[in-house]
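The values are calculated or read from the model by the stated rules, or taken from the named source; none is laboratory data. Quick caveat, the model's predicted, so the values are computed rather than measured. Glycine also receives a Cβ, built like all others from the backbone with ideal geometry; neighbour counts cover every protein chain displayed.
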Amino acid sequence: MDGMSEREYSSHSGLSRGAIQNAKRGGRLVFHADGSINAAASDVRRADTTDPDQQRRSLGGDAALPPSGSGGTDSYLKARTALTVYQAQERQLAIQKKKGTLVDRARAEALVFRLARQERDVWITWPARVAALMAAQVAAEVEKASGTPATIEAGIMQRVLERHVREQLEGLADLRVSLV
């Protein structure tokens, strides 16, 4: 017999006999012509084809693994950790979205823009609605203070109000909303 039996290889590798049989079925072992296990070649093949996470579980955690100089296990662990963190963040965002604490940025910006436009439109039409009323109130106040009849034209009052409202709105147009 050139190599080892399943029991001997189990003892050599530190794996259970069932794990050795699974590795045999999975093609992760190398055999000699007589059917015995080639330990050195099997160790290399198992290391290349077995998921490092599975190796760690079968050996009892991180402490049971020998430190590797290649960094392959470290990069696998980092990638696995990054994936787990990403999935947790994704779940947290989904929960926040369902609760209503998280909104779509493009939708929020569109809503703010629409509200600002509505507010601007209300202010632009305001002078036309109130000019006649304001002209009458100012004329009444002037008449009351001076005792002589006074007339203020509603058209003049409207033009003055429109000019001042537009100046105010131009100043507000420079404001930018930042949803960061």
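Tell me whether the range 120-140 contains one or more residues that are in contact with a Pro (Cβ under 6 Å, 6 or more places away or on another chain), part of a helix (DSSP H, G or I) and surrounded by 12 or more Cβ atoms within 10 Å (Cβ to Cβ).
So in the range 120-140, the residues in contact with a Pro (Cβ under 6 Å, 6 or more places away or on another chain) come out as none.
There is no residue in the range 120-140 that is in contact with a Pro (Cβ under 6 Å, 6 or more places away or on another chain), part of a helix (DSSP H, G or I) and surrounded by 12 or more Cβ atoms within 10 Å (Cβ to Cβ).
Regarding the range 123-134, can at least one residue be identified that is modelled with pLDDT of 90 or more and among the hydroxyl-bearing types (Ser, Thr, Tyr)?
First pass over the range 123-134, keeping only residues modelled with pLDDT of 90 or more: 123-134.
Now narrow it down to the ones that are among the hydroxyl-bearing types (Ser, Thr, Tyr): 125.
Yes; the residues of the range 123-134 include at least one that is modelled with pLDDT of 90 or more and among the hydroxyl-bearing types (Ser, Thr, Tyr).
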